[in-house]
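Working notes for the structure below.
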């Protein structure tokens, strides 16, 4: 089994995971653009999105969520300690058990989709339900392929191989985009789109299975040690059913309550959330995935390193995400107007989705940090603490949702999610302190944060001065449309962002900022 990863290896593998995920997110944006063109904003888009989200909610339980964080640490520890001759028996038993449950759930949903939708989307009109039923029947079985791929991916992650698990969503998005292109060009049905999405899950499953065997893994009959290891996986998995789906559970509660709002609200909340998930997916998911095996080894051999590592992880997440948060807020209006919802949304829809995104983005650092912190608990084989923390945060989210929805509609729902995400982060730190004697060096962190915010403020000033100077010069010229309403806008914006980012990167040491993951 592989030894500890040093910081360079962690960053290298995070970058490897991240650039593949970035490719997936770029394809995802293109996918959403085509999807809006195909479905529009209304009853049909709400029905499709709800049918799409139901299996993907279970994905956080039976795939890279609860299943991964319960399976990977046990797999690493048992093989590392020589308690299993190989992991094949544990994989066989886990596959039979978890995929058997998933297959049974698929049968229930395919046979009784109307019943499931009335529970998940109680506010849907009859028109929305009529559209959603056939969509859900086709889409739901994708969870079987995704969950199976996650088990194979867990074994690959255990030996520090992250490329194939990271490339899986890319492959799915490729098939998704190709299907949308066919649907738009040949005016095919939404059911055909659902079938193409299902096939994308199958293609990802085949890719993971091939990689699993190429890394000399296989299936074998399970022995006593395998059964013992599986019982440990199961003991960790059961509490994780609630505890692991941090962002996703709250987002799903948002969508359920949004089903009571006017038609199109589910779609607007979904698209604003998709934009927020770009930095989360590109960086936080990859960073957390790479660190999970590392944390699992710390839990076994070097628990004292957690204090230092979590401080530095928090600083590193803040260092990367704070500028990304402000930049994405700044470009939100034009992104939705010129790119994602172009010609398919009213002026009020555009105003709404922009502010929904901005409200989401205020909690972006906390959303990313939660992805990492939950893996600390699971590496310590503690599933109870994050479950308690999430239960408290979920109750707060639900109460705020009900109150906020009545007063502010969709804005109240999204604001509740942001508030509960911030509270969840602090609950994680509290439970780490009380149960695991973890000490967070607040003075060190806030010293870093104060210096860094000053640097970000200076960088933002450089960005804004350059922005207004250039755009004031271009206004009224022959280039106005190209740079204000077309591709030229993005060329300038990302160029200015790159300059501002470079200023931060090359000057942060001058401000007395020290970050472990960026030191030589």
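The values are calculated or read from the model by the stated rules, or taken from the named source; none is laboratory data. These numbers were taken from a predicted model, which means no experiment stands behind them. Don't worry about glycine lacking a Cβ; one is built from the backbone with ideal geometry, like all the others, and counts go over all protein chains shown.
Count, please, the residues in segment 37-51 that happen to be at pLDDT 95 or above and farther than 21 Å from residue 187 by Cβ.
0
Do we have residue 512 as loosely packed, with under 14 Cβ neighbours inside 10 Å, in contact with a helix residue (DSSP H, G or I) (Cβ under 9 Å, 6 or more places away or on another chain), closer than 24 Å to residue 365 by Cβ and touching a residue at least 60 places away in the same chain (Cβ under 8 Å) here?
Considered against the rule, which asks whether it is loosely packed, with under 14 Cβ neighbours inside 10 Å, in contact with a helix residue (DSSP H, G or I) (Cβ under 9 Å, 6 or more places away or on another chain), closer than 24 Å to residue 365 by Cβ and touching a residue at least 60 places away in the same chain (Cβ under 8 Å), residue 512 comes out as yes.
Residue 425 is checked against (1) more than 22 Å from residue 280 (Cβ to Cβ); (2) within 26 Å of the chain's Cα centre (by Cα) and fails just one. What number does that condition carry?
(1)
When the residues of segment 361-402 are filtered to those that are over 20 Å from residue 329 (Cβ atoms) and outside any helix (DSSP H, G or I), which remaining residue is nearest to the chain's Cα centre (by Cα)?
Taking the candidates together, the pick is 383.
For segment 79-89, indicate whether the set of residues that are part of a helix (DSSP H, G or I), at pLDDT 70 or above and either more than 22 Å from residue 278 (Cα to Cα) or over 24 Å from the mean Cα position of the chain (by Cα) (or both) is non-empty.
Keep residues of segment 79-89 that are part of a helix (DSSP H, G or I), which gives 79-80, 88-89.
From what is left, the residues that are at pLDDT 70 or above are 88-89.
Of the ones still in play, those that are also either more than 22 Å from residue 278 (Cα to Cα) or over 24 Å from the mean Cα position of the chain (by Cα) (or both) are 88-89.
Yes: one or more hits.
Among the residues of segment 296-308, is any under 19 Å from the mean Cα position of the chain (by Cα), within 22 Å of residue 518 (Cα to Cα) and either at pLDDT 90 or above or not in a helix (DSSP H, G or I) (or both)? Write out each step before concluding.
At the first step, the residues of segment 296-308 found to be under 19 Å from the mean Cα position of the chain (by Cα) are none.
So far as segment 296-308 goes, no, none of its residues is under 19 Å from the mean Cα position of the chain (by Cα), within 22 Å of residue 518 (Cα to Cα) and either at pLDDT 90 or above or not in a helix (DSSP H, G or I) (or both).
State yes or no: is residue 313 part of a helix (DSSP H, G or I), at pLDDT below 70 and crowded, with 20+ Cβ neighbours inside 10 Å? Don't jump to the end; show me each part of the working.
On the way: part of a helix (DSSP H, G or I): yes; at pLDDT below 70: no; crowded, with 20+ Cβ neighbours inside 10 Å: yes.
No: the conditions fail for residue 313.
Hey, among 358, 321, which residue is modelled with pLDDT of 95 or more, crowded, with 17+ Cβ neighbours inside 10 Å, in contact with a helix residue (DSSP H, G or I) (Cβ under 6 Å, 6 or more places away or on another chain) and in a helix (DSSP H, G or I)? Please lay out each step first, then the result.
Working: 321 fails: modelled with pLDDT of 95 or more.
The match here is 358.
Among 190, 177, 159, which is the only one that is modelled with pLDDT under 90 and farther than 20 Å from residue 62 by Cα?
Among 190, 177, 159, only 159 is modelled with pLDDT under 90 and farther than 20 Å from residue 62 by Cα.
Rundown of residues vs (1) within 30 Å of residue 381 (Cα to Cα); (2) free of Cβ contacts under 8 Å to residues at least 12 places away in the same chain; (3) assigned to a helix (DSSP H, G or I), yes/no style:
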| residue | (1), (2), (3) |
| --- | --- |
| 431 | yes, no, yes |
| 435 | yes, no, yes |
| 456 | no, no, yes |
| 463 | no, no, yes |
| 469 | no, yes, yes |
| 503 | no, no, yes |
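Each row is one residue, and each column tells you yes or no for (1) assigned to a loop (DSSP other than H, G, I, E, B); (2) modelled with pLDDT of 90 or more; (3) surrounded by fewer than 20 Cβ atoms within 10 Å (Cβ to Cβ).
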residue	(1), (2), (3)
8	no, no, yes
12	no, no, yes
19	no, no, yes
29	no, no, yes
34	no, yes, yes
56	no, no, yes
69	no, no, no
76	no, no, no
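On the basis of being at pLDDT 90 or above and either surrounded by 14 or more Cβ atoms within 10 Å (Cβ to Cβ) or part of a loop (DSSP other than H, G, I, E, B) (or both), does residue 407 make the cut? Steps first, answer last, please.
Working: at pLDDT 90 or above: yes; either surrounded by 14 or more Cβ atoms within 10 Å (Cβ to Cβ) or part of a loop (DSSP other than H, G, I, E, B) (or both): no.
No, not satisfied.
Please go through (1) under 30 Å from residue 442 (Cβ atoms); (2) surrounded by fewer than 19 Cβ atoms within 10 Å (Cβ to Cβ) for residue 343 and return the number of the only condition it doesn't satisfy.
(1)
Please specify each residue of segment 110-127 satisfying the condition of being in a helix (DSSP H, G or I), in contact (Cβ under 8 Å) with a residue 40 or more places away in the chain, surrounded by fewer than 22 Cβ atoms within 10 Å (Cβ to Cβ) and more than 22 Å from the chain's Cα centre (by Cα).
Going residue by residue through segment 110-127, those that are in a helix (DSSP H, G or I) are 110-111, 113-120, 126-127.
Applying the additional criterion that residues be in contact (Cβ under 8 Å) with a residue 40 or more places away in the chain yields 116-117, 120, 127.
Remaining after also requiring surrounded by fewer than 22 Cβ atoms within 10 Å (Cβ to Cβ): 116, 120, 127.
Hits for segment 110-127 are 116, 127.
With (1) closer than 25 Å to residue 74 by Cα; (2) surrounded by fewer than 23 Cβ atoms within 10 Å (Cβ to Cβ) as the list, and residue 375 as the residue in question, which single condition is left unmet?
(2)
Do we have residue 136 as crowded, with 19+ Cβ neighbours inside 10 Å, modelled with pLDDT of 90 or more and closer than 30 Å to residue 262 by Cβ here?
Details: crowded, with 19+ Cβ neighbours inside 10 Å: yes; modelled with pLDDT of 90 or more: yes; closer than 30 Å to residue 262 by Cβ: yes.
When the stated conditions are applied, residue 136 passes them.
Please go through segment 480-494 and give me each residue that is farther than 21 Å from residue 464 by Cβ and in a helix (DSSP H, G or I), ordered by number.
Quick first cut of segment 480-494, residues farther than 21 Å from residue 464 by Cβ only: 481-482, 486-487.
Passing the criteria: 481, 482, 487.
Could you tell me whether residue 348 is within 30 Å of residue 42 (Cα to Cα), surrounded by fewer than 19 Cβ atoms within 10 Å (Cβ to Cβ) and modelled with pLDDT of 90 or more? Quick ask: steps written out before the conclusion?
On the way: within 30 Å of residue 42 (Cα to Cα): yes; surrounded by fewer than 19 Cβ atoms within 10 Å (Cβ to Cβ): yes; modelled with pLDDT of 90 or more: yes.
Yes; evaluated as a whole, the condition is true for this residue.
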